[in-house]
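The structure appears right after this line, and notes come after that.
The values are calculated or read from the model by the stated rules, or taken from the named source; none is laboratory data. Note that the coordinates shown come from a computational prediction; the quantities given were computed from them, not determined experimentally. We place every Cβ from the backbone using ideal geometry, glycine too, and count neighbours over all the protein chains shown.
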Amino acid sequence: MIWVFVYWFLGRFYPQGLVTVIYHRCYGLGNEWKRAPQTIDQKIHWLKFYGDTSQWPRLADKYRVREYVAERGLADMLVPLLGRWERAEDIDWDALPERFVMKTNHGSGDALICRDKSQLDTEAWTQKFARLLRKRYGYYRAEPHYNLIQPCIIAEELLDASKQQVESTSLVDYKIWAFNGRPAYVWTCHNRTKDSCVVGTYDLDWTFHPEYSVSTSHYILASQSIPRPPSLEQMLLAASLLSEGFPQARVDFYEVDGKPYFGEITFTAASGFNSFYTQEFKEILGGLCVLPSKTR
């Protein structure tokens with residue numbers, strides 16, 4: 001518990017210090033990320049504090065980003081929206097279909113995936129979402145832009161994971177690393193549970209690169225390649241449009257029945273602690289990220 005308090009305190013009052021603490025705990029290094037950033041992790045941290053992050057709160061917001069996706073001509077990739085509420089007690093559970101996904105717009109990993117509303121404890125989830133709305137995620141991993149998001153709750157249509165070409169207990173995440181409008185690599189996650197998921201890294205020709213991954217208890221390296229998604233070219237084009245103008249971004253998609261769906265944009269992948277990648281791959285991604293001059 002002491003580390004939770006330490007992270008919160010530093011994240012609120014000295015986020016750069018928190019990065020240095022976590023960086024040391026993850027990699028045994030100190031504030032090298034400030035001096036001469038080389039890896040993608042170091043450059044993500046540099047961009048947090050010295051780059052232009054004015055658009056990050058809007059585009060990291062899982063609700064407001066929908067407007068941005070539509071502005072870029074990609075509205076057909078949006079998962080249908082079923083509702084939005086600023087207070088948990090205002091959620092209209094009766095108006096929702098039997099299957100849906102519900103989440104806060106400023107959080108991570110706390111989504112309600114409802115496959116049978118008749119079995120849902122709506123009172124318990126109302127209380128949980130009330131707590132989630134009060135949480136400020138940006139304090140705990142030194143991501144200040146998340147604290148600038150006005151929290152709300154959204155519900156979206158539940159995509160059918162059984163209508164994928166990959167056998168997976170969950171939707172397959174196709175997470176595309178892109179650099180100022182240029183996609184470079186795809187990181188996939190499938191068979192996702194609360195405690196683990198199976199992952200793999202691919203280049204744009206869909207060549208599997210297991211040598212770029214570090215298998216952990218949570219991120220388990222796939223034993224073999226998964227099939228290339230039929231809509232990969234559409235995903236890459238969308239990632240290009242959505243990442244244009246940003247030194248780096250990871251743009252996430254799903255695919256159901258051969259149709260791609262937008263997931264989210266993140267500018268701080270893994271909060272800037274991508275410990276499941278090898279040093280070589282973090283340097284490759286870092287080399288693709290061209291930092292601007294300091295703006296702050």
Please count how many residues of the range 160-206 are buried (at least 20 other Cβ atoms within 10 Å of the Cβ) and of a type in the set (A, V, I, L, M). 7
Kindly provide the set of residues from the range 117-152 that are among the hydrophobic types (A, V, I, L, M, F, W, C) and closer than 13 Å to W93 by Cβ, ordered by number. L120, A124, W125, F129
Scanning the range 195-225 residue by residue, those out of contact with any strand residue (DSSP E or B) (no Cβ under 6 Å at 6 or more places or on another chain) and either in contact (Cβ under 8 Å) with a residue 60 or more places away in the chain or β-branched (V, I, T) (or both) turn out to be T207, E211, V214, T216
Hey, does the range 17-35 have a residue that's buried (at least 20 other Cβ atoms within 10 Å of the Cβ), more than 19 Å from the chain's Cα centre (by Cα) and within 25 Å of R131 (Cα to Cα)? yes
In the range 77-97, the residues that are surrounded by 12 or more Cβ atoms within 10 Å (Cβ to Cβ) and in a loop (DSSP other than H, G, I, E, B): L78, V79, R87, I91, L96
Take the conditions touching a residue at least 24 places away in the same chain (Cβ under 8 Å), among the aliphatic types (A, V, I, L, M) and in contact with a strand residue (DSSP E or B) (Cβ under 6 Å, 6 or more places away or on another chain) and apply them to V69. Does it pass? yes
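List the strands (runs of 3 or more DSSP E) that sit entirely inside the range 212-277 and contain at least 1 residues that are under 28 Å from Y63 (Cα atoms) and either more than 15 Å from the chain's Cα centre (by Cα) or of a type in the set (V, I, T) (or both).
Details: elements: 219-221, 249-256, 259-266.
Those strands (runs of 3 or more DSSP E) span 249-256, 259-266.
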Of the numbered conditions (1) buried (at least 16 other Cβ atoms within 10 Å of the Cβ); (2) closer than 17 Å to G109 by Cα; (3) outside the structural domain of G263 (by TED's automatic domain parsing), R134 fails exactly one; give the number of that condition. (1)
Looking at (1) more than 29 Å from S271 (Cβ to Cβ); (2) basic (K, R); (3) out of contact with any Asp or Glu (no Cβ under 7 Å at 6 or more places or on another chain), find the lone condition where K163 falls short. (3)
Going by the conditions given, is R115 touching a Cys at 6+ places or on another chain (Cβ under 7 Å), over 21 Å from P144 (Cβ atoms) and either surrounded by 14 or more Cβ atoms within 10 Å (Cβ to Cβ) or not assigned by TED's automatic domain parsing to the domain that holds E280 (or both)? no
Looking only at the range 259-275, which residues are touching a residue at least 40 places away in the same chain (Cβ under 8 Å) and either more than 20 Å from W46 (Cα to Cα) or surrounded by fewer than 15 Cβ atoms within 10 Å (Cβ to Cβ) (or both)? P260, Y261, F262, G263, E264, S275
Per the filter on the range 117-139, residues in a helix (DSSP H, G or I) and of a type in the set (A, V, I, L, M, F, W, C) are A124, W125, F129, A130, L132, L133
